[in-house]
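Notes to accompany the following structure.
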There are 2 protein chains.
Amino acid sequence: RRRAMGRAMGLAGLLVGLCLVSAVLVSTSLRHGAPRTQPAPEPAAWELAWDPVPEDSLWPLPQELRTSRRQLRLVPARFQLVHGAGSSAGPGCGLLQDAFRRYYEYMFGQSRRGKRGRRPLGAPAEPELSQLQVVIESREPGCDSYPHLASSEAYHLTVAEPVAILKAVEVWGALRGLETFSQLVHENDYGSFLVNESEIDDFPRFAHRGILLDTSRHYLPLKSILTNLDAMAFNKFNVLHWHIVDDQSFPYQSAYFPELSDKGAYSYNHIYTPTDVHLVIEYARLRGIRVIPEFDTPGHTQSWGKGQKDLLTPCYNGEQPTGSFGPVNPILNTTYDFMTKFFKEISSVFPDAYIHLGGDEVDFDCWKSNPEVNEFMKKQGFGTDYAKLESYYIQKILDIVSSYNKGYMVWQEVFDNKAQLKPDTVVEVWMENNYAHELSSVTGAGFTAILAAPWYLDYISYGQDWKKYYSVEPLDFPGSEKQKKLLIGGEACLWGEFVDATNLTPRLWPRASAVGERLWSSSNVTDLQDAYKRLTNHRCRML
Amino acid sequence: RRRAMGRAMGLAGLLVGLCLVSAVLVSTSLRHGAPRTQPAPEPAAWELAWDPVPEDSLWPLPQELRTSRRQLRLVPARFQLVHGAGSSAGPGCGLLQDAFRRYYEYMFGQSRRGKRGRRPLGAPAEPELSQLQVVIESREPGCDSYPHLASSEAYHLTVAEPVAILKAVEVWGALRGLETFSQLVHENDYGSFLVNESEIDDFPRFAHRGILLDTSRHYLPLKSILTNLDAMAFNKFNVLHWHIVDDQSFPYQSAYFPELSDKGAYSYNHIYTPTDVHLVIEYARLRGIRVIPEFDTPGHTQSWGKGQKDLLTPCYNGEQPTGSFGPVNPILNTTYDFMTKFFKEISSVFPDAYIHLGGDEVDFDCWKSNPEVNEFMKKQGFGTDYAKLESYYIQKILDIVSSYNKGYMVWQEVFDNKAQLKPDTVVEVWMENNYAHELSSVTGAGFTAILAAPWYLDYISYGQDWKKYYSVEPLDFPGSEKQKKLLIGGEACLWGEFVDATNLTPRLWPRASAVGERLWSSSNVTDLQDAYKRLTNHRCRML
């Protein structure tokens, strides 16, 4: 009786224990309060035979979940992840093969491969689950393609004796379902791997669920980026917004313009070679994650100026150049020649249908100081409205990128300044101040929007700030049903002023997990206490 | 000419580069702003032949420093750290032998052992520095002893051709001088190790320079504690205030009362065995760091109650016990029997002359609810003043600990509540609100004080908060010269609610370095811009 209770309470104890054993309990922002200070209530008799419910450990919570207390046992030496009958994907599908191996390891671990799940003499044997069969239903499973905005990430998972079945239209849904299945599997006190009989219907609430990493303020080594992609997959994120260059440094190694990184990177080592970039894209693809690079212009470009002569606007003091430079020079033909060639390369290096073109925080002072710019303004009839000059520049860049059949994302200022945008443009709302109103304007004008404003995770504060991120309701802005549909997702942004490889992971995770659930799960999943419990377990698992 | 300039500017570039190569640039709270965005001014001709001044890299800044631009070369294959003539310490001094090996590695690195310092053909050869001779002047060098409050950490360092000489009264000063010497040595662009001719006279401004780690809210694996001791040595801290147990868990494994950790730790693994504790103490000793354990009573003791029956006060609701427990029960003889035995063990396990007895944040509600406690109050004539009961308890604990010839530290409430304190008691001031006034009261009453209030580093915020910690002037409180002398130092506290092995190091360092310099260097070392420059280099070196 006591022993059974010990077992029933074991999962929570075990998770805390395991998590602690890995030298890693609670996080940046999750309080591991007083799990032992309150005496646990004596469990009722019917509870004793059962482990805690499987929902305790799912993150983000699936859209629909029916679960039973009946448990099945997985024996690592026998359990298989396989392609199911009727699947359009087979052993030739490298993406799934890779995922099968990865999730097998997550569930059972390298060292447990031979484990046969011994249990104490006399304990009843749970029925065995021998396989997870994965069935891709579309004729085009997507094994060799890249995920995109319209990809299906829906899946249906049935865990029942003797086999579990995971159905998805495309491989992207299968990846999400594999993550969920792995979260259902848990180890009990006797080293048995168990899973509750369950049925899950799941799909994302929003199609664009991104993490922004900034590799300009601080260089991030490749390994940090890949680790972050793993964490993203654990949280069903599907977009890496790679803010790759900025004022501070230019680590992207361009084939056409190698001087940009030769002179603009922190050093010859602090660059992303074409091989590095390709590796990031492929590693992301295998996890169903898009890579959208951002090449932010005309502001935030100081580092570009080092390797590309005459690209930036010379600033003046009266009639004298000061030797300093401002934003990209919008009045020279050579600027557009350069951008045409540069974005041709970017369009071919990055397979995603979108490129982020930035357009935020353009400082007009340098343009104002420059006599040639002012003459140009006069000629164009812009008066003294430098936002018009900015739009003139942006318009040309948008047209260049469009000509390569790419869509573009832009920061909200580009919309605010009334550039002529293609209908499929994605406008990213980042200004904290009254972002609901901005969402209303952007979608009211018929544009697609994503929300970043409440999720600037580089801003840290003491305590459990994940609750703040979690409690955001993205659709809580004034607008019609049609407008609401135009909000296609959001991004958690980790700007790099105070972030490098030494603190990236503990600063971003599990805080970003809060955003992950908000963007994936149903809008009514808002219980903070329930989320805390699941997030604690999820964190231990991620570690 | 251009090449020489490249070399002259090389050190800064190299440090940034190396630091970045180690995948670790700037920190939690140091902004690595725009080192390349402002064009560097063309250096004057006389600057070209010289590397940057050595002060650029010293942290904390020595009390007196005279330095020359003349550089000496260290050849790793030949350079030696040795005992100098007339030293009272020799090869039998394990502490120094260990330190010699450690600092050799810090300066030259494992992989460079064979490096002969090749330089480009035709470049002039710097004269060679062949040895650092360490001379301990006291007849009792302290090799096998423990550092204590009155230990001498002063040293005198002369770097000149052909040998450098480091003189110190005791080994503790030699350790500080070795750290400083290693900070003077730098590698130039050609892989040569150089040091400027210098003379340094140095000693700490305050005798007690501590870091508080909390291993109760989250368990910290041994490795994290040892790594932190290394970082402390880099910053000339000399006290580890080990807040080892608290409400949340009791990881200290007691020989007399093993049930305390058996039942009070997070798990059987999350404990510090006698071997672990001994290892921490010895690792600290070798770095000139005292280990002061804190066993906080009568509050903050929930975890004690699990393994020690009847130690805590039962709380009541009217006439019924609620099943919950409050602070240590101060009215039972068994309490003092237990404490007598427990602190006998602690006094023998921890060699330091001080034990921290806590005494903070005692919640009176449970005592108030308990009928037997109230009867006791009446009998003692305490009326309804529970602070008197608290003092009654504390007084008995102080007497117990005194009987083992230990000094004690206490949190400020113990002083505020007017317990009878031994004259050598150290009162730790932690309440942020008007701490200058509290320092005034404590020292006015003739007690020794240390300051923690402005240095609670677990409170995080966005940006460079190190400046806030750096700008504190500890002696800025009303009081006589005699009172000022009673403030013997301070502590940077990292409480563990949101800290574990995953984020300890980047959260504490280099923010705590700001406190380190404030407590070591002269009071007039307050230039934030200069500190920023040195701290940036120091961080790279620590990494």
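The values are calculated or read from the model by the stated rules, or taken from the named source; none is laboratory data. Since this is a predicted model, take the numbers as computed values, not measurements. Cβ atoms come from the backbone with ideal geometry, glycine included; neighbour counts cover every protein chain shown. SASA here: full protein model, heavy atoms, side chains in, ligands and nucleic acids out. Shrake-Rupley method; radii C 1.70, N 1.55, O 1.52, S 1.80 Å.
What per residue convex hull volume, in Å³, comes out for segment B:455-501 when only alpha-carbon positions are used? Don't skip to the answer; put the middle values down first.
On the way: hull volume 4.8 nm³, N = 47.
Convex hull of Cα atoms, per residue: 102 Å³.
How large is the charge dipole for the protein assembly as shown, taken about the Cα centre, if only the Cβ atoms of Lys, Arg (+1) and Asp, Glu (-1) carry charge, to the nearest 20 debye? Display every interim value, and only then the final one.
Values: 110 positive and 128 negative charges, 531 e Å.
Approximately 2560 debye in magnitude.
Calculated FRET efficiency, residue B:77 and residue A:431, Cβ-Cβ r, R0 56 Å, to nearest 0.05? Don't jump to the answer; show the numbers that get you there.
Working: r = 59 Å, r/R0 = 1.06.
Using R0 = 56 Å, I get an efficiency of 0.40.
Find, among the GluC sites (Glu not before Pro) in segment B:315-382, those assigned to loop by DSSP (not H, G, I, E, B) with at most 15 other beta-carbon atoms within 10 angstrom. Don't jump to the answer; show the numbers that get you there.
Working: sites: B:319, B:345, B:361, B:372, B:375; in loops: B:319, B:361.
Counting only loop positions with at most 15 other Cβ atoms within 10 Å, the GluC sites (Glu not before Pro) in segment B:315-382 are B:319, B:361.
Roughly how big is segment B:208-542's charge dipole about its Cα centre, with Cβ charges of +1 (Lys, Arg) and -1 (Asp, Glu), in debye to the nearest 20? Can you show the working numbers first?
Working: 32 positive and 41 negative charges, 220 e Å.
That gives a dipole near 1060 debye.
Can you put B:530, B:337 in order of accessible area, largest first, using a 1.4 Å probe?
B:337, B:530
Tell me the net charge near residue B:316. Cut-off is 13 Å between Cβ atoms, residue B:316 excluded, with +1 for each Lys or Arg and -1 for each Asp or Glu. Let's see the in-between values first.
Values: positive: B:368; negative: B:319, B:365, B:372, B:375.
Once all neighbours under 13 Å are counted, the net charge is -3.
Just how much of residue B:362 is accessible, in Å², when a 1.4 Å probe is used and the result is rounded to the nearest 10?
Looks like 20 Å² after rounding.
Below 26 Å, Cα to Cα, which lysines can residue B:484 reach? Residues fewer than 8 away in the same chain don't count.
B:236, B:406, B:418, B:422, B:467, B:468
Of the chymotrypsin sites (Phe, Trp or Tyr not before Pro) in segment B:198-299, which ones lie in a loop per DSSP and count no more than 15 other C-beta atoms within 10 Å?
Counting only loop positions with at most 15 other Cβ atoms within 10 Å, the chymotrypsin sites (Phe, Trp or Tyr not before Pro) in segment B:198-299 are B:256, B:268.
Taking every DSSP beta bridge that has both residues in chain B, what percent is antiparallel when rounded to the nearest 5?
Numbers: 24 of 67 bridges.
Of the beta bridges lying entirely in chain B, close to 35 percent run antiparallel.
How far, in degrees from 0 to 90, does helix A:386-403 lean away from the longest principal axis of the Cα atoms of chain A, to the nearest 10?
60 degrees
Report, as an integer, the average count of C-beta atoms from other chains found within 10 Å of each Cβ along A:501-510. Mind showing how you got there, number by number?
Working: counts 7, 13, 9, 2, 3, 9, 4, 0, 1, 0.
Across the residues of A:501-510, the mean count of other-chain Cβ atoms within 10 Å is 5.
At 7 Å along the Cα-to-beta-carbon direction for both residue A:101 and residue A:380, put a label point, then send me their distance in nm to one decimal.
5.3 nm
Enter the per residue convex hull volume of segment A:73-228, computed from alpha-carbon coordinates, in Å³ rounded to the nearest integer. Working shown, then result.
Numbers: hull volume 22.5 nm³, N = 156.
Taking only Cα atoms, segment A:73-228 has a hull volume of 145 Å³ per residue.
Please determine, in degrees from 0 to 90 and to the nearest 10, the orientation of helix A:274-285 with respect to the longest principal axis defined by the Cα atoms of chain A, where the helix direction is its Cα long axis.
Compared with the principal axis, the helix lies near 40 degrees.
So what's the net charge close to residue A:169: Lys and Arg +1, Asp and Glu -1, counting the other residues with Cβ under 12 Å from its Cβ?
-1
I'd like the orientation of helix A:371-380 relative to chain A: the angle between its Cα long axis and the longest Cα principal axis, in ° from 0 to 90, rounded to 10.
Once rounded, one gets 90 degrees.
Percent antiparallel among DSSP beta bridges with both residues in the protein assembly as shown, to the nearest 5?
On the way: 49 of 135 bridges.
Expressed as a percentage, antiparallel bridges in the protein assembly as shown total about 35.
Which whole-number value in Å³ per residue fits the convex hull of the alpha carbons of chain B?
Values: hull volume 86.6 nm³, N = 543.
Cα convex hull per residue, to the nearest whole number: 160 Å³.
Projecting each Cα onto the charge dipole of the protein assembly as shown (Lys/Arg +1, Asp/Glu -1 at the beta carbon, about the Cα centre), which of A:400, A:478, A:136 comes out farthest on the positive side?
A:136
How much of the accessible area of segment B:208-542, in percent, comes from carbon and sulfur atoms when a 1.4 Å probe is used?
51 percent
Suppose R0 equals 45 Å; then what is the FRET efficiency for residue A:473 and residue A:139 from their Cβ-Cβ distance, rounded to the nearest 0.05? If you can, show how the numbers build up before the last one.
On the way: r = 38 Å, r/R0 = 0.84.
E between residue A:473 and residue A:139, to the nearest 0.05, is 0.75.
Leaving out ligands, DNA and RNA but keeping every protein chain, what accessible area does residue A:341 have, in Å² rounded to the nearest 10, with a 1.4 Å probe?
Residue A:341 exposes around 100 Å² with every protein chain in place.
Once the dipole of segment A:208-542 is set up with Lys and Arg at +1 and Asp and Glu at -1 on Cβ about the Cα centre, which of A:490, A:452, A:293 lies farthest towards its positive end?
Projecting each Cα onto the dipole axis, the largest value belongs to A:490.
For chain B, what does the helix formula give at 222 nm: sum of -39500 (n - 2.57) over DSSP H segments with n ≥ 4, over the residue count, nearest 500 deg cm²/dmol? Write out the running numbers ahead of the final one.
On the way: 20 runs with 195 residues, N = 543.
For chain B, the value works out to -10500 deg cm²/dmol.
How big is segment A:219-291 along each principal axis, measuring the range of its Cα positions in Å and listing the largest first?
37, 21, 17
Stick to Cα atoms and the Kirkwood definition of Rh, then tell me Rg/Rh for segment A:383-531.
Working: Rg = 17.2 Å, Rh = 16.9 Å.
Result: Rg/Rh = 1.02.
Counting only the heavy atoms of the protein chains, how much of residue A:232 is accessible to a 1.4 Å probe, in Å² to the nearest 10?
Rounded to the nearest 10, the figure is 0 Å².
At 1.4 Å probe radius, can you tell me the per residue accessible area of segment B:208-542 in Å²?
Details: 11790 Å² over 335 residues.
Per-residue accessible area for segment B:208-542 comes out at 35 Å².
Using the Kirkwood radius built from alpha carbon pairs, what does the Stokes-Einstein equation give as D for the protein assembly as shown at 10 °C and 1.306 mPa s, in µm² per second?
On the way: Rh = 32.6 Å.
D = 49 µm²/s.
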